[in-house]
2 protein chains.
Amino acid sequence: MNSPRHTKRVSKTITTPKGFLAVGLASGVKRSGKPDLGLIYCPDGAVVAAVFTTNRIVSAAVDVCRQHVKTRKVYAAVVNSGNANACTGQRGYKDAVAMCQCAARELDIDPHQVLIASTGIIGEPLPIGKVTDGIVKAAKKLSPRASAGLDFASAIMTTDTLPKQAVRQIEISGKKVCIAGTVKGAGMIGPNMATTICVITTDIAISKPLLAAALKDAVGNSLNKLTVDGHQSTNDTAMILASASAQNRPISARCPRYKRFAKALTDLCTDLTRQMALDAEGATRMFTVVVKGAASRADAAKAARAVADYDLVKCAIHGADPNWGRIICAVGSCGVKLNTGKLTCKIGDITVFRSGKPAKFDAQKASRTIARPQHTITIDLGAGKHTDFCYGCDLSREYVTINADYHT
Amino acid sequence: MNSPRHTKRVSKTITTPKGFLAVGLASGVKRSGKPDLGLIYCPDGAVVAAVFTTNRIVSAAVDVCRQHVKTRKVYAAVVNSGNANACTGQRGYKDAVAMCQCAARELDIDPHQVLIASTGIIGEPLPIGKVTDGIVKAAKKLSPRASAGLDFASAIMTTDTLPKQAVRQIEISGKKVCIAGTVKGAGMIGPNMATTICVITTDIAISKPLLAAALKDAVGNSLNKLTVDGHQSTNDTAMILASASAQNRPISARCPRYKRFAKALTDLCTDLTRQMALDAEGATRMFTVVVKGAASRADAAKAARAVADYDLVKCAIHGADPNWGRIICAVGSCGVKLNTGKLTCKIGDITVFRSGKPAKFDAQKASRTIARPQHTITIDLGAGKHTDFCYGCDLSREYVTINADYHT
C-alpha cells in the first residue's frame, strides 16, 4: 500500500490542538530499532474519555487505563508498541503501573493522571526497564511541534506501513476548536467496542460525560465498523483528551454546539478508519458493505459484518472477481431475516442480483469497479426498513505471510 | 497435499456394501473436462436419510432433495459438480426436477425416488442439457465394481486434490454389514448442520427414523466439527442409503445393535472429515481444538470453533509458530464464560499457558509439534465440567490463490 493517497505529508497532528506536547522515540522494545514509545503531555490537564476492547482477556494496560480514565483531570498518555503486555499475569499489571509511575515522576503529576496503552505481541513479559528508560528520555523531548505529533503517530505503529493522522477544525461559540487523532492498525481488527489503539486530542472545553458520549458514538460509527480479520484484540483502546485551551464556552448539554463537535469527531474517526482499512495487513483495497431493507438495525449490522468478514468474499475482491454468489451465501448463512424473493445485490452501481435472481451485468465493468481502491457492495434484504454498514478489506497472500511469520 | 497418507488406493468404495451400483463420468459441465457427474443406483431400493445446510439460501437441489428424502424407498442418487445450481431462481428449481426426471426415466423409477445434490459455482444457470445427457450415459455404465465407486468419488470433487473414501465393516446379528462413504471438500466449509456433500451407502436393514437419528449423530460429531473457513455453503448435504441387502434382522429400536451401527457410522464420518481437513483448500496440516472445563457444552463448542476459525491462529499454525497469545485472544473474544485465573492451554502435550500465566516451554519442540500433519490444542476454561471439540486447518497463501482466482 504505497499509493499516493497515503504519502501526503500531514502537517497537522495531535499537537495541533492547543495545549498538547508530544514525542515518539525508540526505547528498544522493538528489536528492529523502530520507534515504539509515544508520550503526550497536557500541561494544564485534560478531561478524558476512553472506550476499550470487550475481549474478556485484556492487557494489563487496559486494566490500569480503565481505572485512570475515571480521574477528573489527566495530564499525560503513554503508548508503547512492540509488546502488548497481555496475558502476562501479576507481573504485567505491576509493569503497567510502573509505566504510569515513571511518567508521573518525570512530569511531576500523580500516576492516576496518566493514561496508558500497549500494543504488540501477546504473552511476552514487557521489558519494563527499556520502557521506563524510554519514558525518562521522552519526557525531556516533549514538543508542541507538528513533527512531534508525527513521531508519536509513528511510535504506536505495529505492522502498519504508514502513520495515520487526521485533523478537523470547527468553530464553537466564536472560537476555533481543533480535533486531531492518530490510530494504529493493521491486523487483529474486528468491530465491537473500540478497535486498535486510537489517540485523539482536542482543545475543546466540554464536560466529561459529553466527551465520553461523543467518543462512544464516533467510535461506534467508524472504528467499530471496520473488520480486517474479525479479530478483537486484548488491547483495543480509543482515548480522547480535551484540554479546554480553545476557551470556548464549555459544552455541558446536548446542544447544537455539542452536535457540531460530535459530527466532526465522527468524521475524524471515519477518516482514520479508512486509513486503517487501506493499510490493513496485506490489503490492496477496501470496501464498504451497506445493508438495506433489514428487519432491524441489528440484522443490518450483522449481515454487513458477515459479508465483510467472509474470507471467500475477501479473496474474490482480492482477485477483482464479481463473484456475487459468495456475497449471497454469506448473507444467507448469517442468520438474519430475509425475503429471498426480494433479495438484491449491487457492486458499485451495478446490479448483479435482483429480486432473488441473477441479473445480467457487464462482468468486466464490475471487475473494474472492484479493482478500485474503494468500492461499495449494497445488499437489500427485502425484509424491512433498517440500514447499517461495515468496512472491510481484501484478503491477500501477504496477510498470510505477515501472520505466519510474525512471531518467530 | 500430496503426502503418502492420501495416495493409498482405496479398493473398498461406496459399491462395497451389497445392493449398490455406481458410476462417475465427465458430462462437460466442468470446462476442464474432469469428471463432474456421479450416479448411484440401488436396484432393490434403499431406506434413506439426509441432513442439509442451515443456510437460509439453498440450492435448488437441496429444495428438491428435502422433499424426496421423505420417500419411503429411494432407488437412485445423482450428484453433479462444477455448478451448484444455487441462486438460480425458478429455472434452477426446474433444472433440479429435470435431473430427477431424467434419472427416473432411465432407471424406470419415480422421480421422487431420486435424491440429488449439486456443488460448484453459485449463481450460474445449470447447463441442464449437458447434465441430462450425462445422466443418460451414466445410467448405461452403472457397475458394482470398486472402480465405479471410485469414479463416483472423483466425480463429486471440486477443488479437492484427491477423492475421499472410507469403509467400515461390522457384524450385526451374525451378518456382515458394510458402510461406505465418500465426501467432497475443500473450501466453504463451516460447521452447523451438514458440511459439504457426503454420500454414504450401507447394506444394513434399519428403520428410516433410526437411520436418520444415526446420521444426525454421526454428522454432528464429525463433519459438523470441521471448519475450513467458517463458511457454510448453500448446498451442504449428507445422505445415507441403506439397502437392507446384508439381510440382518432389521433394526427398529435403540438396541445394542443400533449402537454398534451408530458408532461405526460416526467412525466412518470422522475418517472422511479428517481426509477433508487434510485436503482443505491450501491446507498443509490440520489440528483439533479440544475445550475442557466449560460451563456448558455449547460454550465448549463455541470456544473450540472460535479458535479453529481464527485466521491469526490458522496463520500461526501455517508458520509452525507456537503463538499461544492468539489462541488465548480467540478464547477471550468469543463470549464464553471463563475463569482467567485457571485458564490453561496446551499445544500437543506441551503446556504453554497455565492458570492464567505464560508457562515456560521449549518453543522449538512446540514448533515441531505444530509442524506435524495433525496436532491437538487443548484449552481448559476453568469454568465448569463440559467438553467439546472442533477440527481446523491452517490458512495458507494457497487458500487465497485458489479463492481469488476461482471464478474468472
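Structure notes:
- Of A:Lys302/A:Lys346; B:Lys225/B:Lys314; B:Lys18/B:Lys208; A:Lys130/B:Lys342; B:Lys302/B:Lys346; A:Lys365/B:Lys30, pairs whose Cα-Cα distance is over 28 Å: A:Lys130/B:Lys342
- Candidates per trypsin sites (Lys or Arg not before Pro) in the stretch B:222-292, loop by DSSP, up to 16 other Cβ within 10 Å: B:Arg254
- Placed amide H near A:Ile121: partners under 5 Å, 5+ positions off or other chain: A:Gly82, A:Asn83, A:Ala84
- Chain A: calculated mean residue ellipticity at 222 nm from DSSP helix runs of at least 4, using -39500 (n - 2.57): -10500 deg cm²/dmol
- 16 Å reach of a label modelled at A:Asp405, 7 Å along Cα-to-Cβ, counting backbone N of the stretch A:30-47: A:32
- Kyte-Doolittle at least 0.0, axis length at least 15 Å by Cα - qualifying DSSP helices, chain A: A:128-141, A:208-220
- Nonlocal amide H pairs with B:Gly185, under 5 Å, H built at 1.01 Å: B:Thr158, B:Asp160
- Residues with amide H under 5 Å from that of A:Cys393, placed H, sequence gap 5 or more: A:Phe287
- Chymotrypsin sites (Phe, Trp or Tyr not before Pro) restricted to DSSP loop in the stretch B:226-296 with at most 11 other C-beta within 10 Å: none
- J(HN,Hα) series, the stretch A:344-352, from Karplus relation 6.51 cos²θ - 1.76 cosθ + 1.60, nearest Hz, glycine and proline x: 9, 9, 10, 10, x, 9, 9, 7, 10
- Cubic angstrom per residue, convex hull over Cα atoms of the stretch B:286-404: 87 Å³
- One way to sum up the overall shape of the protein assembly as shown is the equivalent ellipsoid from its Cα gyration tensor, whose semi-axes run 54, 29, 21 Å, largest first.
- Once the Cβ-Cβ distance of B:Arg145 and B:Gln67 is raised to the sixth power relative to R0 = 41 Å, the FRET efficiency obtained is 0.80.
- Spin-label pair B:Ala253/A:Arg249, simplified geometry with 7 Å Cα→Cβ offset, distance in nm: 8.7 nm
- For the stretch A:20-128, the set of trypsin sites (Lys or Arg not before Pro) satisfying both a DSSP loop assignment and a count of at most 14 other C-beta atoms within 10 Å is given as A:Arg31, A:Lys70, A:Arg72.
- DSSP-defined beta bridges in the stretch A:286-404 - what % are antiparallel, rounded to 5: 70 percent
Values quoted throughout were computed directly from the atomic coordinates according to the rules given, and no laboratory measurement underlies them. Here the structure is a predicted model, which is why all the values come from computation and not from measurement. All Cβ positions, even for glycine, are placed from backbone atoms using ideal geometry, and neighbour counts span all protein chains on display.
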